[in-house]
Amino acid sequence: MRDTRESRLLLVLLVAIAFALITVDIRGGEQSPLDGARQAAAAAFGPVEAGVARVVDPIGNAVSAVRDSGGRHSRIARLQHENEALKAKLGSSDRNRNRAAELDKILKTAGTGQYAIKGAQVIAIGSAQGFSWTITIDAGSRDGIARDMTVLNGDGLVGRVTTVGPDTSTVLLAADPDFTVGTRMEKTNEIGFANGQGVRSLRVQLLNGRATVKKGDRLVTFGSSKDKPFVPGVPVGRVVKVEPSNGDLTRTLQVRPFVSFSQLDIVGVVVQPPRQDPRDTVLPPAPAKPKPTPTVTVTATPSASASPRS
């Protein structure tokens, strides 16, 4: 397209339309008129994302390279391909071991909380449907996934399902600034609300402005009506800072999430809530406080037989 006045006007018009759609989508929230379009996009592009994830898999590339090398390359080239395949296989073994360990953690968390989960793999980060903190997983409506389901991993709360396609789903991460979840303090049961702050810690406001809170205290999800979008008892994070109350009706905390959102791989979608609130049972045992080492002070006592000097 030539750089003419008409082309520039067309570009400005397209940008204006894009911002208008984004504004309508954000203000619409859960009732956004663009929700249907997002679901259609998930159905259309989800299989593409899954396909790309399979294509870039190092094991598949290595095996294909070995299989296709015969008859087209010299023996040296074939040996080089085989060597690369072995390296990829070794690397994949480490990755598979890590995935197996992560899956064990998820199953342990689900078993303790009595959550029925559907395992899924993260196949994309971010979303073409918006500018939120999201991931795409390779499980959709055909796998029993529905909107407003809780997503967790072996460490704790990951987020909630927002858009569902036949084979993929979009998950809004707890780090997103628009993310809100009810929380309950360990032991004291103080209730509050946590909001995402991007790469920073979660911001939690306790309803009781005089609540006694200290650094290191832990929180779990409070749960939602009919367990959607959040089931109760999922670990959320640990308090790293208690802000001064200054007589406010609420108490503000900075909470470091248990989940590392930059290292997500295997997650579990809660497809059936627990029969009863697990409360604090899903939290790992609190680390034991180190016992102080007893100190012995030796005091020299003068001997009774010693005679004073004259």
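The values are calculated or read from the model by the stated rules, or taken from the named source; none is laboratory data. No experiment lies behind these values; they were computed from the predicted model shown. Here the Cβ positions follow ideal geometry from the backbone for every residue, glycine too, while neighbour counts run over all protein chains shown. Each accessible area value is taken on the protein alone, full model and side chains, heavy atoms only, with ligands, DNA and RNA left out. Shrake-Rupley method; radii C 1.70, N 1.55, O 1.52, S 1.80 Å.
Distances between placed amide hydrogens fall under 5 Å for residue 183 paired with 192, 193, 194, 222, all partners being 5 or more residues away or on another chain. Computed over protein heavy atoms with a 1.4 Å probe, the accessible surface of region 234-283 works out to 55 Å² per residue. The peptide list 154-163, 190-199, put in order of mean Cβ contacts within 10 Å with the highest first, becomes 154-163, 190-199. Here the 3J(HN,Hα) profile of region 118-123, calculated from phi with Karplus coefficients 6.51, -1.76 and 1.60 at θ = phi - 60°, is 10, x, 8, 10, 6, 10 Hz, Gly and Pro shown as x. Hand me the trypsin sites (Lys or Arg not before Pro) from region 180-240 located in a DSSP loop with no more than 16 other Cβ atoms within 10 Å, in residue order please. Passing sites in region 180-240 are 187, 200, 210, 214, 215. Computed from backbone phi with θ = phi - 60° and the Karplus coefficients 6.51, -1.76 and 1.60, the 3J(HN,Hα) list for region 240-250 is 10, 7, 10, 7, x, 6, 6, x, 5, 6, 10 Hz; x is used for glycine and proline.
Per-peptide packing, taken as the mean over residues of other Cβ atoms within 10 Å, places 168-179, 240-251 in the sequence 168-179, 240-251 from highest down. The packing ranking of peptides 133-141, 269-277, highest mean first, is 133-141, 269-277, where packing means the average number of other beta carbon atoms within 10 angstrom of each residue.
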